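Bear in mind these aren't lab numbers, they're just calculated from the coordinates by the rules spelled out. Fair warning: this is a prediction, and the values are worked out from it, not measured in the lab. Here Cβ is always computed from backbone atoms with ideal geometry, including for glycine, and neighbour counts include all displayed protein chains.
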Amino acid sequence: MKPSRQRPTSALAQGLIFSAILLISGCSQAATSRDAQIDTFVNNMVAKHGFEESYVRGIVNEAEKKQSILDAMSRPAEKVKPWYDYRDIFLTDKRIRQGVEFWGEHREQLERISAETGVPVQMIVGIIGVETSYGRITGNYRVVDALSTLAFDYPKRSKFFTKELGEYMLLAREEDLPVLEVKGSYAGAMGPPQFMPSSYRAYAVDGDGDGRRDLLNNWADIQMSVANYFLAHRWHPNAEVVLPATLNPGAKAPGTKNELKTKTTLDDIRKQGISVETTLPGDSPANLVVLEGDNGIEYWVGLHNFYVITRYNRSVMYALAAWQLGEAIAAKVP
């Protein structure tokens with residue numbers, strides 16, 4: 001009997017084997033990188049903040065990676081929807097009606113907060129209305145799952161969410177929160193005002209003097225903390241927020257890249273062929289906002305307070321929706 005000869009491996013088979021090796025190697029490297037990230041995070045929480053290593057590692061191990069969170073991060077409404085669609089999410093008869101009811105229910109408290117801070121009631125109500133429909137939609141993800149998924153499985157913003165995960169553990173320790181139970185948005189924002197952990201720690205205040213800062217259930221703390229957020233970002237009391245504008249006949253339409261900061265002035269905007277009516281001085285800081293509306297292009301001029309709203313959520317559409325919702329509610333409040 002002749003000895004059997006091994007057939008040479010085909011080029012296709014070799015390619016498949018090589019691809020499989022690369023895939024296994026890539027997965028192994030990714031797992032190693034993830035483990036290294038976790039080790040760095042744990043060591044940092046122990047060294048800088050005095051946590052027990054077993055506690056921090058136990059929390060991270062309990063956290064679950066959620067693909068739905070990664071999917072949601074890739075398509076936020078502010079980036080994928082035009083203004084006319086985005087606006088229709090929030091400026092509905094139902095949300096305006098609920099806002100009027102919310103204002104009536106909390107009127108005394110809201111007016112006291114507004115008098116103390118200079119932040120208008122309609123701005124506080126508008127923000128809470130846009131964020132969670134007055135506390136009705138606060139998110140169903142465990143905050144620890146959201147922050148861990150984005151810290152260790154979303155490289156694009158890993159640095160930011162790793163920091164927020166650490167802030168969340170510090171917050172849970174300071175405010176005695178059940179770290180594995182608190183729920184929020186897919187990005188880890190919490191409660192009716194949707195504060196991220198770092199914002200919670202920095203800007204939340206005790207609105208009723210009970211010794212706690214509860215942004216999950218206590219409306220006095222929630223409303224005062226929203227106002228305090230605006231104060232901390234230099235809200236100007238009794239100042240205008242945003243002005244409607246129009247393109248002059250025959251003028252060249254400006255570009256549609258919307259800046260958040262007020263880098264120009266009213267005079268600069270007028271030189272672009274934009275008409276805006278206001279008694280403010282021409283050298284007032286401003287920025288031009290160009291959006292796709294129901295009936296074509298809309299022009300708006302954002303002022304300092306408009307920029308302050310974008311500190312809550314870095315989107316001109318968000319800021320305009322929150323302001324318009326608050327104004328629509330104020331118009332219907334008895």
Set the Förster radius R0 to 22 Å, insert the Cβ-Cβ distance between THR264 and GLU292 as r into 1/(1 + (r/R0)^6), and round the FRET efficiency to 0.05.
0.55
Just to confirm the filter: which GluC sites (Glu not before Pro) across region 247-334 are DSSP coil and have at most 15 other Cβ within 10 angstrom of their Cβ?
GLU259, GLU277
The chain, helix-only ellipticity at 222 nm - DSSP H runs n ≥ 4, -39,500 (n - 2.57), divided by all residues, nearest 500:
-17000 deg cm²/dmol
Which value results when the Cα radius of gyration for region 144-193 is divided by 2.2 N^0.38 Å?
1.08
Once the piece of chain linking ARG75 and ALA253 is laid out straight, how much longer is it, given 0.36 nm per residue of separation minus the C-alpha distance between them?
61.2 nm
Extension gain from ARG201 to GLU116, taking 0.36 nm per residue of separation minus the Cα-Cα distance
28.5 nm
Dipole of the chain, Cα-centred, from +1 at each Lys and Arg C-beta and -1 at each Asp and Glu C-beta, to the nearest 20 debye?
1740 debye
For the pairs LYS94/LYS263; LYS65/LYS156; LYS81/LYS257; LYS65/LYS159; LYS183/LYS332, note any where the Cα-Cα span goes beyond 25 Å.
LYS94/LYS263; LYS183/LYS332
Relative contact order (percent, whole number), the chain, Cα cutoff 8 Å, 6+ residue spacing:
18 percent
Residues whose modelled amide H sits under 5 Å from the amide H of PHE195, counting only those 5 or more places away in sequence or on another chain, are MET190
Quick one: if you stick a label point 7 Å off each Cα along the C-beta vector at ASN217 and GLN272, how many nm between them?
4.8 nm
With only alpha-carbon atoms counted, please give the Rg and Dmax of region 209-276, in Å.
19.3, 61
Report the label-to-label distance for TYR154 and ARG314 in nanometres (one decimal), using points 7 Å from each Cα along the Cα→Cβ vector.
1.3 nm
Computed over region 204-323, the convex hull of the Cα set has an average projected area, in nm², of 8.8 nm²
Which one of VAL301, LEU110, PRO254 is farthest out on the positive end of the charge dipole of the chain, using unit charges on Cβ (Lys, Arg +1; Asp, Glu -1) and the Cα centre as origin?
PRO254
In nm, the gap between the two label points placed 7 Å beyond Cα toward Cβ at ALA232 and SER68 is 3.0 nm
Run through every distinct alpha carbon pair of region 84-223 and return the Kirkwood hydrodynamic radius in angstroms, one decimal place.
16.0 Å
Taking the Cα centroid of region 66-138 and of region 303-323, what is the distance between the two, rounded to the nearest whole Å?
12 Å
Mark the label point 7 Å from the Cα of GLU101 along Cα→Cβ and return the residues of region 120-150 whose backbone N is within less than 15 Å of it.
129, 133-137
Correct choice for Cα extents along the principal axes in Å that was computed from the model, options (1) 61, 44, 39; (2) 66, 48, 37; (3) 103, 60, 36
(3)
